[in-house]
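Working notes, beginning with the structure itself.
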Amino acid sequence: MASKAKAIAAKSAKSKAAARKYKMYINGEFVEARSGKVFPVINPSTEEVIAEVPEADENDVNRAVAAAKAAFNSGAWPQTTAQDRGRILFRLAERIRKEAAHLADLECRNSGKPIVEAEYDIADAATCFEYYGGMATKVLGHVNPVPDNALSLSLREPIGIAAQIIPWNYPLLMAAWKLAPAIAAGCTCILKPAEQTPLTALEFAGYLTEAGLPPGVANIITGFGEGAGAPLVKHPDVNKVAFTGSGAVGKAIVKMAADTLKRVTLELGGKSPNIFFADADFEAAIDGALFGVFINQGEVCSAGSRILVEKPIYSKFVDAMSAKAKKIRLGPPLERETKMGPLVSKEQFDRVSAYQEIGKKEAKLAAGGGRPSSMKHGYYVEPTIFYDVDNSARIAREEIFGPVATVIPFTNEADAIKIANDTPYGLAAAVWSRDIFKAFRVVKALRAGIVWVNHMQPTYVEAPWGGYKQSGFGRELGPWGIEEYLETKQVHINLNEQPIGWY
Ligand code: ADP
Ligand code: MG
């Protein structure tokens, strides 16, 4: 016992020594929390502390909002042209690409995602900055055809100060989705990364000054939801809240934002159906079902976690999918052959493990169901497949946010649509069939913001992203993404000698 305690103490001392101390970024400077408090950041594969970051509280939030407010109202930022903002975003993209190997390595260590996926995400983050760099100069106003001798204009203006709260599944990419359109629009922002995964955003903060962004335009604060997120959402000087995360916190945010009528956009979870008709290409279907639900360890808001399969192929489908799931290579995320790493945190591991146990009571288990015995430490869970799942089961209704698939049989097109839409969520869906007419009928009947046909998950910065129903409101990416950071101002210029009036 004593020697075990000694070993643990030695291990934590060792990881403390290796832990890098980060600061957060407010008003163009790297700073500690006013309280001096810090919290540890864990590598979910080794369970070691890899960094310490400041724990922001209300005082730090106030400081960051004051900086964002000052930058919005005075100094260099309000004077910048759309071209200036575009160039800054291009420089940020270039820097991300230059540092891609380092950023991917850090993302991988902090989130547990496989290195190959981390590399995709970092490249996607750069693409997002490039896209909105180009879009900065394409924001157009209108001339309104009023029936008078006048020039009626609609101008697009930045919405103001934006609070941006993001989750831990795609850390730098989610930061890019939030920061790039806000900066392109001319807003100022306070970004709060998830407490589990703040490192790539803090690394990225170091690029901002060099790219020419004036102090206070983008602030990045680290802290917890209650301590830092909530005061940010409630702050009266914040004009807009953009949130990606859980449904429960999304609902709390809408309530907190209501007092000061902030603009809110929410991208929440889902329980997305991935629908397979008997006429689909079978091999492609199996791969698509696995990829749809297990990519990024299933820690994906659009995970195809309800796999609906037409009865004639149902048994064969469950068998083939399970056989292949058992061969998915789990392992240390930095190894290039690894297809699935650990979950992000102990908390997430416990949550997913609990759902695995619930599933064993509610349905039949075809693959996985626990922790892989091959991994000695780390928050690993096996890719898990339940079948003969009833759509009313908890594992079919509640978002698990881990590698747990539920396979549900259906009898025909109408049945598939009914089951698919029988969920409080409406983020994403996919349909697999060789019959394009049928596939498109189903596409139109699905109540979801993103519908793929004959694949699932590819996401493009050019196309809108967001949900129906309880998956949130507002759209990110594409021209929709910048819209959410713009106000519309009507300007009416009288061209008559005399203004219209009665007095
Ligand atoms: P999960 O619990 O799955 O990690 P959350 O929705 O709790 O998902 O977290 C997503 C983001 O929301 C994180 O950045 C987290 O710190 C933040 N957050 C959590 N609770 C609150 C809250 N009450 N107010 C504002 N932000 C919060
Ligand atoms: Mg939470």
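Pairs meeting the criteria (first residue in segment 192-215 and of a type in the set (A, V, I, L, M), second residue in a helix (DSSP H, G or I) and open to solvent by 10 Å² or more (accessible area, probe 1.4 Å), beta carbons under 7 Å, at least 6 apart or on different chains) are Leu199/Leu106; Ala211/Arg91; Ala211/Arg95. Within the option set Ser35, Ser15, being modelled with pLDDT of 95 or more and either surrounded by fewer than 22 Cβ atoms within 10 Å (Cβ to Cβ) or in a helix (DSSP H, G or I) (or both) holds for one residue only, Ser35. The selection criterion, being open to solvent by less than 10 Å² (accessible area, probe 1.4 Å), within 28 Å of Gly467 (Cα to Cα) and without any contact (Cβ under 8 Å) to a residue 40 or more places away in the chain, holds for Ile286. Contact map, segment 88-106: residues that are of a type in the set (D, E, K, R) paired with residues that are open to solvent by less than 30 Å² (accessible area, probe 1.4 Å), Cβ distance under 6 Å, separation 6+ or inter-chain. Pairs shown: Arg91/Ala211; Arg95/Tyr207; Arg97/Ala126. Restricted to strands (runs of 3 or more DSSP E) entirely inside segment 158-247, those with at least 2 residues that are within 22 Å of Pro479 (Cβ to Cβ) and within 16 Å of ligand 2 (Cβ to nearest atom) are 240-244. Scanning segment 465-483 for residues that are open to solvent by 50 Å² or more (accessible area, probe 1.4 Å) and either aliphatic (A, V, I, L, M) or part of a loop (DSSP other than H, G, I, E, B) (or both) returns Tyr468, Arg475.
Checked against the criterion of being open to solvent by 20 Å² or more (accessible area, probe 1.4 Å), under 22 Å from the mean Cα position of the chain (by Cα) and on the phi < 0 side of the Ramachandran plot, the candidates Arg87, Arg91, Arg63, Arg95 yield just one match: Arg95.
Rundown of residues vs (1) of a type outside the set (A, V, I, L, M); (2) in contact (Cβ under 8 Å) with a residue 60 or more places away in the chain; (3) closer than 22 Å to Ser302 by Cβ; (4) in contact with a His (Cβ under 6 Å, 6 or more places away or on another chain), yes/no style:
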{"position": "Met340", "(1), (2), (3), (4)": "no, yes, yes, no"}
{"position": "Glu362", "(1), (2), (3), (4)": "yes, no, no, no"}
{"position": "Gly378", "(1), (2), (3), (4)": "yes, yes, no, no"}
{"position": "Thr384", "(1), (2), (3), (4)": "yes, no, yes, no"}
{"position": "Asn391", "(1), (2), (3), (4)": "yes, yes, yes, no"}
{"position": "Arg394", "(1), (2), (3), (4)": "yes, no, yes, no"}
{"position": "Gly402", "(1), (2), (3), (4)": "yes, yes, yes, no"}
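Consider Ser246 carefully, then state whether it is buried (at least 21 other Cβ atoms within 10 Å of the Cβ) and under 20 Å from Phe349 (Cα atoms). Criteria not met by Ser246.
Within segment 221-242, no residue that is near ligand 1 (Cβ under 9 Å from one of its atoms) sits with its Cβ atom under 6 Å from a residue that is open to solvent by 10 Å² or more (accessible area, probe 1.4 Å) and at pLDDT below 95 at 6+ positions apart or across chains.
The values are calculated or read from the model by the stated rules, or taken from the named source; none is laboratory data. Just so it is clear, the structure is predicted and the values come from calculations on it, not from any experiment. With ideal geometry, Cβ positions are generated from the backbone for all residues, glycine too; neighbour counts draw on all protein chains shown. In case anyone asks, the SASA skips ligands and DNA or RNA and just uses the protein heavy atoms, side chains included. Shrake-Rupley method; radii C 1.70, N 1.55, O 1.52, S 1.80 Å.
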